[in-house]
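The values are calculated or read from the model by the stated rules, or taken from the named source; none is laboratory data. Just so it is clear, the structure is predicted and the values come from calculations on it, not from any experiment. Cβ placement follows ideal geometry from the backbone for every residue including glycine, while neighbour counts extend to all protein chains displayed. Quick note on the areas: whole protein, heavy atoms, side chains included, nothing else; ligands and nucleic acids left out. Shrake-Rupley method; radii C 1.70, N 1.55, O 1.52, S 1.80 Å.
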Amino acid sequence: MQVVVEPPAFRRALCRARAEGERIGLVPTMGSLHAGHRALMALAAAAHRHVAVSIFVNPLQFDRPEDLAGYPRDLGADLRACEEAGVATVFAPSDADMLPSGTATSVSVAGLGDRWEGSSRPGHLAGVATVVAKLFSLAGPCAAYFGEKDFQQLALVRRMAADLSMPVEVVGCPTVREPDGLALSSRNALLSPAERRAATVLWRALEAGRAAVAEGEDRPETVASAMSGTITAEPLASVDYAAAVDAADLTVPASLSQPAALRLLVAARIGSVRLIDNCAAPRPAEPVEDDRGLTAARAS
Ligand code: AMP
């Protein structure tokens, strides 16, 4: 496994791999790797001889300095996880190399990038799109792997790649969860034991929303209230947003019977830690898939 820190060295390493006929699968991450990231690496490795993982805590996607400063980091453990996953190249650039001062270009996706995470965390999604575009440009991957855990991010990257004709397939990976339903997240490490117990409220809220949809509720606001009511009932939690949306563009439809597919979205603070989660919501006539995602044990 080669570890490169400078963008030109990353570009050269992957140019060399392509010249040798290898197909590259890219997994962009912010490090602090867990079983969710490992599932992405495994999916990439199943389809690509050369898996490249980027580890970059992107300052552009943090709207609060204290959130950026407190973000968990452990490069040594991350490199061990990459090695175990059979990763060929790790790219771990510095802020200054990745975002040199004087950078004047950013990528924003109108509409999709403005709602939910876009309005709760101004600048966040443009920060994601800009750095992902830069990673695509440096790496030249055939495919890039993103988790459904960050459903809006996945939709945004897909849209960006389509709109800008980027020659990369964007692949989504099911959310990896703890046995009690909590989606794995690097931020879970910041929860106290009591907050960790309370954090299951996101999954409980999604289950409440999903049950309402399965029973035939077609008013998005009623499903949203079922979810936000569940979160509000948890003393350590406060709701940021809860919504039932069209899975294609994340808009709220007039009736839940309209979209081709529905998605439920929640964002909440547990103490001072902000967490997000989402799931599909089959309507009465639709097949019910096991949407608990992968459990951490199965994904490892
Ligand atoms: P992050 O390091 O949090 O920026 O995440 C890097 C990638 O891993 C993103 O595409 C995330 O959506 C994905 N990811 C994070 N948590 C999970 C999870 N629990 N299950 C599946 N993918 C995840």
- Item | Within the range 62-80, considering residues that are charged (D, E, K, R) and open to solvent by 40 Å² or more (accessible area, probe 1.4 Å), the one modelled with the highest pLDDT | ARG80
- Among the listed residues ASP97, ASP78, which satisfies the condition of being part of a helix (DSSP H, G or I) and within 13 Å of the ligand (Cβ to nearest atom)? ASP78
- Query: Of the residues ARG159, ARG197, ARG204, which single one is in the same structural domain as MET98 (by TED's automatic domain parsing), part of a helix (DSSP H, G or I) and open to solvent by 60 Å² or more (accessible area, probe 1.4 Å)?
  - Reply: ARG159
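Conditions tested, residue by residue: (1) surrounded by 18 or more Cβ atoms within 10 Å (Cβ to Cβ); (2) modelled with pLDDT of 95 or more; (3) within 16 Å of the ligand (Cβ to nearest atom).
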| position | (1), (2), (3) |
| --- | --- |
| ARG11 | no, yes, no |
| ARG18 | no, yes, no |
| LEU26 | yes, yes, yes |
| THR29 | yes, yes, yes |
| LEU33 | yes, yes, yes |
| ALA46 | no, yes, yes |
| LEU60 | yes, no, yes |
- Within the range 208-217, identify whether any single residue is under 19 Å from LEU236 (Cα atoms) and either outside any helix (DSSP H, G or I) or assigned by TED's automatic domain parsing to the domain that holds CYS279 (or both), and answer yes or no. yes
- Task: Return the pairs, sorted by first residue and then second, in which the second residue is outside any helix (DSSP H, G or I), the first residue lies in the range 51-77 and is without any contact (Cβ under 8 Å) to a residue 24 or more places away in the chain, the beta carbons are less than 6 Å apart, and the residues are 6+ apart or on different chains.
- Result: LEU68/PHE62
- For the range 165-188, enumerate the residues that are of a type in the set (D, E, K, R), in contact (Cβ under 8 Å) with a residue 24 or more places away in the chain, out of contact with any helix residue (DSSP H, G or I) (no Cβ under 6 Å at 6 or more places or on another chain) and open to solvent by 30 Å² or more (accessible area, probe 1.4 Å). GLU169, ARG187
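Table: residues versus (1) within 13 Å of the ligand (Cβ to nearest atom); (2) within 12 Å of CYS279 (Cα to Cα).
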{"position": "ASP163", "(1), (2)": "no, no"}
{"position": "VAL171", "(1), (2)": "yes, no"}
{"position": "LEU184", "(1), (2)": "yes, no"}
{"position": "ASN188", "(1), (2)": "yes, no"}
{"position": "PRO193", "(1), (2)": "no, no"}
{"position": "VAL201", "(1), (2)": "no, no"}
{"position": "GLU207", "(1), (2)": "no, yes"}
{"position": "ARG219", "(1), (2)": "no, no"}
{"position": "THR222", "(1), (2)": "no, no"}
